[in-house]
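The values are calculated or read from the model by the stated rules, or taken from the named source; none is laboratory data. In this text, all values refer to a predicted model and were calculated from it rather than measured experimentally. Neighbour counts are summed over all protein chains in view; Cβ atoms, including those assigned to glycine, are modelled from backbone coordinates with ideal geometry.
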């Protein structure tokens with residue numbers, strides 16, 4: 001398996017004529033919280049979800065997220 005950064009994929013997409021419109025980070029905080037039991041508490045999870053959604057497209061958070069999503073156009 002080859003791992004690529006979002007920036008590397010953005011360059012590949014641009015080379016293919018598909019410029020990136022948006023870059024989102026996914027699981028920017030959740031995966032860094034070691035207490036899995038706490039993440040299943042409804043109130044904590046709701047706040048965590050709200051935080052994740054608030055920073056999903058903001059630097060530096062989108063760059064430290066475990067996963068990313070790129071949206072492009074052709």
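Among the residues of the stretch 1-38, those that are under 17 Å from residue 65 (Cα atoms) and more than 12 Å from the chain's Cα centre (by Cα) comprise 3, 4, 7, 8, 9, 10, 32, 33, 34.
Residues that are closer than 17 Å to residue 5 by Cβ, touching a strand residue (DSSP E or B) at 6+ places or on another chain (Cβ under 8 Å) and part of a helix (DSSP H, G or I): does the stretch 48-62 have at least one? Scanning the stretch 48-62, I find at least one residue that is closer than 17 Å to residue 5 by Cβ, touching a strand residue (DSSP E or B) at 6+ places or on another chain (Cβ under 8 Å) and part of a helix (DSSP H, G or I), so the answer is yes.
Of everything listed in (1) under 28 Å from residue 13 (Cβ atoms); (2) modelled with pLDDT under 95; (3) out of contact with any helix residue (DSSP H, G or I) (no Cβ under 6 Å at 6 or more places or on another chain), the single unmet condition for residue 36 is (1).
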